[in-house]
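The values are calculated or read from the model by the stated rules, or taken from the named source; none is laboratory data. Model, not experiment: these values are computed from the prediction. Cβ: placed from backbone, ideal geometry, glycine included. Neighbour counts: every protein chain shown. Keep in mind that these areas ignore ligands, DNA and RNA; they rest on the heavy atoms of the full protein, side chains included. Shrake-Rupley method; radii C 1.70, N 1.55, O 1.52, S 1.80 Å.
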Amino acid sequence: QVQLVESGGGLVQPGGSLRLSCLASGSAFSAYGMGWYRQAPGKERELVARIMRDGTTTYADSVKGRFTMSRDNAKNTVYLQMNSLKPEDTAVYYCRTQRLGFDLWGQGTQVTVSS
C-alpha cells in the first residue's frame, strides 16, 4: 500500500521561498506520475504542478516561472520549490498519485504567505 507524506510547509513572507517534499512508501515509485495540488479556504482543490515518470513537468498558469517540481526516484520523493511566494499561494498543499486507477493523497502541509 502506498502512503504519501508531505512536509516543508510553514509561514513565509511575501517574496519568500519554501520547498515542499512528498515521500512515497512502496515500490515502483519511478513508474508513476505525481502531482502537487492545493486547496485554499473556501475554494476547490486545484492542480499546481505534475511530473510524469519521464520527468516532464506541467504547471498551472498561476505558478509558472515561480514554482519548480522535481523528483528523486532514488529517494521516492517529489519536491515543489516555491519562489516569489504571494499571499494568494496560501493553502494546504497535497501530493497525489494513482495506483490501479485509484487516487492516493497525502495528509497535506499548510503554506501561509503573510507579512
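Which of the residues spanning region 1-17 are modelled with pLDDT under 95 and open to solvent by less than 50 Å² (accessible area, probe 1.4 Å)? It would help to see each step written out before you state the result.
In the first step, residues of region 1-17 are kept if they are modelled with pLDDT under 95; the result is 1-3.
Answer for region 1-17, where residues must be modelled with pLDDT under 95 and open to solvent by less than 50 Å² (accessible area, probe 1.4 Å): just Val2.
Take Arg53 and tell me if it is at pLDDT 95 or above and of a type in the set (Lys, Arg). Walk me through how you get there before you give the answer.
Numbers: at pLDDT 95 or above: no; of a type in the set (Lys, Arg): yes.
No.
Select from region 18-29 the residues that are loosely packed, with under 13 Cβ neighbours inside 10 Å and on the phi < 0 side of the Ramachandran plot and write down the one among them that is modelled with the highest pLDDT. Steps first, please.
So the first thing to find is which residues in region 18-29 are loosely packed, with under 13 Cβ neighbours inside 10 Å, and the list is 25, 27-28.
Now drop any that are not on the phi < 0 side of the Ramachandran plot, which leaves 25, 27.
Details: Ser25: 93, Ser27: 82.
Filtering region 18-29 for residues that are loosely packed, with under 13 Cβ neighbours inside 10 Å and on the phi < 0 side of the Ramachandran plot, the one modelled with the highest pLDDT comes out as Ser25.
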